[in-house]
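The structure appears below as structure tokens.
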Amino acid sequence: MGKRILLVEGDDDRHVMWNLCEVRAVPEKFTVELPEEDSQENGGLEKLLDSIPWRLATSDLECLAVVVDANDKGPRARWQAIRSRLASRGHEDCPADLPQEGAVFDISLRPQTPRSIRFGVWIMPDNQSKGMIEDFVAGLIREDDAMLPLVDCFIDSIPEGQRRFTKPHQPKARMHSWLAVSERPGRPMGQAIKADGHLDANSPSVKPFLDWLHAALVK
């Protein structure tokens with residue numbers, strides 16, 4: 001079996017993947033990597049996108065899946081950016097539209113080799129909405145959580161002119177504010193998935209993502 005890689009934008013994302021997979025007992029058939037593992041500044045969307053073509057050219061690669069944030073651009077824009085990187089290297093196998101359940105398809109490496117590589121794309125939070133991985137993790141907060149409404153009230157009460165975060169980053173401010181008032185203030189999202197009883201890794205909202213992950217990297 002060749003290499004199977006899940007490529008994510010940053011270290012927070014990687015820890016979310018590691019801990020979610022551990023809690024949900026996802027088979028360890030793949031590694032979770034950043035765009036540039038040897039760089040001190042190894043994260044970011046553009047670096048991830050630019051790394052896709054050369055990773056596909058790696059001789060021992062079997063499967064490559066990427067997880068990126070939609071942010072305020074939306075999932076369609078992110079999908080088109082990925083399709084553009086693939087097309088620039090002659091890979092025309094990419095579907096025109098991103099499936100709601102995430103993309104999983106084979107990329108042919110002909111004529112250089114008869115091999116093909118399984119390629120997957122998931123655009124956070126759900127392939128349909130603007131947002132980011134913090135929205136996905138927020139979906140794990142238990143429905144009866146008493147703290148989240150208070151955090152939302154606090155965020156909403158900050159006057160526009162005094163907000164130190166941009167509108168697209170509001171989900172990040174919301175999630176990390178919620179984490180800041182937990183039993184262990186400031187615990188990272190990944191650790192909270194594994195150790196915080198207020199996050200439910202068995203939430204039904206996780207199933208579509210895990211189904212995609214299994215199809216892209218496990219089976």
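Since every read-out is calculated from the coordinates, none of them should be taken as a lab result. Remember, it's a predicted structure, so these values are computed and weren't measured experimentally. Virtual Cβ from ideal backbone geometry, glycine too; neighbours counted across all protein chains shown.
Some observations on this one:
- Net charge dipole size for region 115-208 [Lys, Arg +1 and Asp, Glu -1 on Cβ; Debye, nearest 20]: 600
- Surface/4 estimate of mean projected area, convex hull on alpha-carbon atoms of region 103-153, nm²: 5.2
- Rh (Kirkwood; distinct C-alpha pairs) - region 1-74, Å: 13.0
- Dmax and Rg, reported as Rg then Dmax, of region 133-187 (C-alpha, Å): 11.2, 32
- The trypsin sites (Lys or Arg not before Pro) of region 153-216 meeting both criteria, a DSSP state outside H, G, I, E and B (loop) and at most 12 other C-beta atoms within 10 angstrom of the site's C-beta, are Arg164.
- Amide N of region 7-24 lying under 15 Å from the label point, which is placed 7 angstrom from the Cα of Leu45 along Cα→Cβ: 8-10
- Loop-resident sites, region 74-170, for GluC sites (Glu not before Pro), counting at most 10 other Cβ within 10 Å (DSSP): Glu92, Glu143
- Pairs of Cα atoms farther than 27 Å apart, the chain, %: 34
- Counting only Cβ charges, +1 for Lys and Arg and -1 for Asp and Glu, the dipole size of the chain around its Cα centre is about 480 debye.
- Binned Cα-Cα distances of region 14-144, short to long, each 5 Å bin given as a whole percent: 2, 9, 18, 22, 22, 16, 8, 3, 1, 0, 0, 0
- Pairs from the list Lys47/Lys130; Lys47/Lys73; Lys29/Lys194; Lys29/Lys73 with a Cα-Cα gap above 29 Å: Lys29/Lys73.
- Across q = 0.13, 0.21 Å⁻¹, region 74-185 modelled as identical point scatterers on its alpha-carbon atoms has Debye log10 I(q)/I(0) values of -0.66, -1.10, in the order of the q list.
- The chain: antiparallel DSSP beta bridges as a percent of all, rounded to 5: 35
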